[in-house]
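What follows draws every value from the coordinates through simple rules; no lab data is involved. Worth saying up front: this structure is predicted, and the values here are computed from it rather than measured. Backbone-built Cβ (ideal geometry, glycine too); neighbour counts: all protein chains shown.
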Amino acid sequence: MVNVSEHTLVPDHTILDEPEVEDVLAEYDVERVNLPKIRTSDPALPDEAEVGDVIRIVRDSRTTDTAVVYRLVIE
């Protein structure tokens, strides 16, 4: 079976540890539940991602070299 997360067009998805999550939430002055969501069924998620984890997604961007977004893993 093909591992979609290793495809060249899929941006890097990284699970943040709790101190990193707290830094992100403080930087954007939001609560965890206010982050955009990503489902556990998304094939690009790392296998070890669990509900409640925060994922950093680093994408290529035309206007900036990279764009970083964060997603909360939901059921």
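Some notes on this structure:
- Subset of the range 6-20 [of a type in the set (Ser, Thr, Tyr) and in contact (Cβ under 8 Å) with a residue 24 or more places away in the chain]: Thr14
- Counted residues, the range 1-36 - those being closer than 16 Å to Val68 by Cβ, acidic (Asp, Glu) and assigned to a helix (DSSP H, G or I): 3
- Near pairs, Cβ below 8 angstrom, 6+ apart or cross-chain, from the range 48-75 (more than 17 Å from Pro36 (Cβ to Cβ) and in contact (Cβ under 8 Å) with a residue 24 or more places away in the chain) to any residue that is of a type outside the set (D, E, K, R) and part of a strand (DSSP E or B): Glu48/Ile15; Asp60/Thr66; Asp60/Ala67
- Those residues of the range 37-50 which are touching a strand residue (DSSP E or B) at 6+ places or on another chain (Cβ under 9 Å) and outside any strand (DSSP E or B), in sequence order: Thr40, Asp42, Ala44, Leu45, Pro46, Glu48, Ala49, Glu50
- Among residues of the range 21-38 that are touching a residue at least 24 places away in the same chain (Cβ under 8 Å), those with a beta-carbon under 8 Å from a residue that is assigned to a loop (DSSP other than H, G, I, E, B) at least six positions away or on a different chain give the pairs Val24/Leu16; Arg32/Gly52; Ile38/Leu45.
- Of the residues making up the range 51-67, those that are surrounded by 10 or more Cβ atoms within 10 Å (Cβ to Cβ) and not in a strand (DSSP E or B) are Val51, Gly52, Asp53, Ser61.
- Of all positions in the range 25-32, at least one carries a residue that is surrounded by 10 or more Cβ atoms within 10 Å (Cβ to Cβ), over 12 Å from the mean Cα position of the chain (by Cα) and of a type in the set (A, V, I, L, M, F, W, C).
- Scanning the range 46-73 for residues that are under 11 Å from the mean Cα position of the chain (by Cα) and basic (Lys, Arg) gives Arg56, Arg59, Arg71.
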